[in-house]
Amino acid sequence: MKPESVRLFVKPGCPWCEEAVDWLVSNGIKYELLDVTTSAEARDEMHELTGQTRAPCIDVDGQVLSDFGADELEAWWEQTGFSV
């Protein structure tokens with residue numbers, strides 16, 4: 001199933017964040033990018049979702065994965081049953 005909402009919380013210069021963006025783009029997945037260094041609202045929401053301040057964090061239709069690399073994102077994506 002294709003997700004309806006994909007939101008990616010990132011910090012500029014974070015290599016894992018860049019990997020997550022690259023993975024989403026290479027798989028043609030539309031997403032909203034939220035910079036937690038420039039938006040207090042995004043930072044607070046990420047902390048509320050995950051209980052931590054580490055990025056990246058992704059919220060896909062209410063399912064959350066945090067502090068991950070591209071390999072973990074791919075495995076989690078498949079595990080959740082989302083299609084690319």
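How big is the antiparallel share of DSSP beta bridges in the chain, given as a percent to the nearest 5?
65
What percent does the relative contact order of the chain come to when contacts are Cα pairs within less than 8 Å and at least six residues apart?
Contact order relative to length: 39 percent.
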**Message:** Let me check something: with ligands and nucleic acids excluded, how do Thr80, Thr38, Thr53 order by accessible area (1.4 Å probe), largest to smallest?
**Reply:** Thr38, Thr53, Thr80
**Asked** Computed from the mean reciprocal separation of all distinct C-alpha pairs, what Kirkwood hydrodynamic radius does the chain have, in Å?
**Response** 12.6
**Item:** Isolated Cys residues of the chain, judged by Cβ distance under 4.7 Å to other cysteines
**Value:** Cys57
**Item:** For segment 1-42: relative contact order, % (alpha-carbon pairs under 8 angstrom, 6 or more apart)
**Value:** 51
**Request:** Leaving ligands, DNA and RNA out of it, rank Arg7, Arg43, Arg54 by accessible area with a 1.4 Å probe, largest first.
**Result:** Arg54, Arg43, Arg7
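The values are calculated or read from the model by the stated rules, or taken from the named source; none is laboratory data. Everything quoted here is computed from the prediction, not taken from an experiment. For neighbour counting, all protein chains shown are included, and Cβ atoms are generated from backbone atoms with ideal geometry for every residue, glycine included. Calculation scope for accessible area: heavy atoms of the full protein, side chains included, ligands and nucleic acids excluded. Shrake-Rupley method; radii C 1.70, N 1.55, O 1.52, S 1.80 Å.
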